[in-house]
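The block underneath contains the structure these notes are about, expressed in structure tokens.
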Amino acid sequence: MIQVVVTESYDASCAYVADMICKLVNEKPACKLGLATGGTPVPMYKKLIEANQAGKVDFSAVRTVNLDEYCGIPGTHDQSYRYFMNTNLFDHINIDKANTYVAQGMGDPAANAAELEAKVYEGGVADLQLLGIGNNGHIAFNEASDTLHATAHIEHLTESTINANARFFARKEDVPTTAITMGMGDILAAKCVVLIATGLAKTEAIRGLVMSDEITTHNPSTMLKMHPNAVVVIDKELAEAVGYKG
């Protein structure tokens, strides 16, 4: 069941989700968070940093597992998701990095996928799984397709996803074409799923998610309709573009 929250602005959406996470951590200091990368959550992570540095939330006992990682680049690469998490969040809060997990981009892909799958369930599933959404409705790197995977696997990225991520690399040719990702079953296993979206490029994907009860692998986000505790946070501009009235 999808709960849709419409805020006045993208900044307000980030504040709403940051408050959700802070409340969870304060209520359950040793909680497990599923985290996401990409441009969308960055301002939200800044709010978590501000809250932590102001003494409003303590991450010292929190455990985290990230959704995905590019194949073929090491964690020290400035476009790896390990580097992203360190620079945008972990380096600035009082979390123990030994309690954070981002899949390995180098080495044996099958072994790395198996390790990610184990981490999803190690010590229990995520109390909250943070999600963004791709223009084609992809969740993590579960691309729109005739089929989806339930468990962690290696995904071949679509041209749409490669084009969307090319802005982060010097050349489009430098964008990895495969990634390791949680499967949809892994994501749906979380106790609560929170998706944040902004921007008119996401209109069709969000419309498919919130405006009907249809589920299709060609918009992977629609699988969230089967989750008992899924929250979609969008700003007023995107809600109006989608036609969502509340």
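The values are calculated or read from the model by the stated rules, or taken from the named source; none is laboratory data. This one's a predicted model, so the numbers in the text were calculated from it and none came from an experiment. Positions of Cβ are backbone-derived with ideal geometry, glycine not excepted, and every protein chain shown enters the neighbour counts.
Which residue, of 124, 107, is on the phi > 0 side of the Ramachandran plot and touching a strand residue (DSSP E or B) at 6+ places or on another chain (Cβ under 8 Å)?
Values: 107 fails: touching a strand residue (DSSP E or B) at 6+ places or on another chain (Cβ under 8 Å).
Of 124, 107, the one residue that is on the phi > 0 side of the Ramachandran plot and touching a strand residue (DSSP E or B) at 6+ places or on another chain (Cβ under 8 Å) is 124.
Keeping to the range 1-20, report how many residues are assigned to a helix (DSSP H, G or I) and among the charged types (D, E, K, R).
2
When you check residue 37 against the structure, is it surrounded by 15 or more Cβ atoms within 10 Å (Cβ to Cβ), not in a strand (DSSP E or B) and not basic (Lys, Arg), yes or no? Give the derivation first.
Working: surrounded by 15 or more Cβ atoms within 10 Å (Cβ to Cβ): yes; not in a strand (DSSP E or B): yes; not basic (Lys, Arg): yes.
Judged against the criteria, residue 37 is a match.
So in the range 132-151, with the set limited to residues that are under 12 Å from residue 182 (Cβ atoms) and among the polar types (S, T, N, Q), which one is surrounded by the most Cβ atoms within 10 Å (Cβ to Cβ)?
142
Only one residue in 166, 189 is exposed (fewer than 15 other Cβ atoms within 10 Å of the Cβ) and small (Gly, Ala, Ser). Which one? Spell out the reasoning first.
Details: 189 fails: exposed (fewer than 15 other Cβ atoms within 10 Å of the Cβ).
166 is the lone residue from the list that is exposed (fewer than 15 other Cβ atoms within 10 Å of the Cβ) and small (Gly, Ala, Ser).
Which of the following residues is small (Gly, Ala, Ser) and at pLDDT 95 or above: 230, 164, 144, 170?
Working: 164 fails: at pLDDT 95 or above; 144 fails: at pLDDT 95 or above; 170 fails: at pLDDT 95 or above.
Sole residue among the options that is small (Gly, Ala, Ser) and at pLDDT 95 or above: 230.
Do the conditions hold for residue 23, that is, is it surrounded by fewer than 21 Cβ atoms within 10 Å (Cβ to Cβ), over 18 Å from the mean Cα position of the chain (by Cα), modelled with pLDDT of 95 or more and outside any helix (DSSP H, G or I)?
Details: surrounded by fewer than 21 Cβ atoms within 10 Å (Cβ to Cβ): yes; over 18 Å from the mean Cα position of the chain (by Cα): yes; modelled with pLDDT of 95 or more: yes; outside any helix (DSSP H, G or I): no.
Judged against the criteria, residue 23 is not a match.
Considering only residues that are without any contact (Cβ under 8 Å) to a residue 40 or more places away in the chain and under 19 Å from the mean Cα position of the chain (by Cα), which ones fall in the range 50-90?
59, 62, 64, 66, 75, 78, 80, 82, 83, 86, 87, 90
Does residue 176 satisfy the criteria of being farther than 15 Å from residue 3 by Cα, surrounded by 19 or more Cβ atoms within 10 Å (Cβ to Cβ), touching a strand residue (DSSP E or B) at 6+ places or on another chain (Cβ under 7 Å) and not β-branched (Val, Ile, Thr)? Give the steps one after another, and end with the answer.
Details: farther than 15 Å from residue 3 by Cα: yes; surrounded by 19 or more Cβ atoms within 10 Å (Cβ to Cβ): no; touching a strand residue (DSSP E or B) at 6+ places or on another chain (Cβ under 7 Å): yes; not β-branched (Val, Ile, Thr): yes.
Here the answer is no, as residue 176 does not meet what is asked.
Go through the range 44-72 residue by residue and tally those that are buried (at least 21 other Cβ atoms within 10 Å of the Cβ) and part of a loop (DSSP other than H, G, I, E, B).
Matching residues across the range 44-72 total 5.
Of 44, 1, which residue is at pLDDT below 95 and either of a type in the set (A, V, I, L, M, F, W, C) or in contact with a helix residue (DSSP H, G or I) (Cβ under 6 Å, 6 or more places away or on another chain) (or both)?
Values: 44 fails: at pLDDT below 95.
None of the others qualify; the one that does is 1.
Would you mind telling me which numbered condition in (1) in contact with a Pro (Cβ under 7 Å, 6 or more places away or on another chain); (2) surrounded by 21 or more Cβ atoms within 10 Å (Cβ to Cβ) residue 154 fails?
(2) is the only condition that residue 154 fails.
Determine whether the range 107-118 contains at least one residue that is assigned to a loop (DSSP other than H, G, I, E, B) and surrounded by fewer than 21 Cβ atoms within 10 Å (Cβ to Cβ). Before you say what the answer is, go through the steps one by one.
Of the range 107-118, the ones assigned to a loop (DSSP other than H, G, I, E, B) are 107-108.
Among the residues that remain, those that are also surrounded by fewer than 21 Cβ atoms within 10 Å (Cβ to Cβ) are: 107-108.
So far as the range 107-118 goes, yes, one or more of its residues are assigned to a loop (DSSP other than H, G, I, E, B) and surrounded by fewer than 21 Cβ atoms within 10 Å (Cβ to Cβ).
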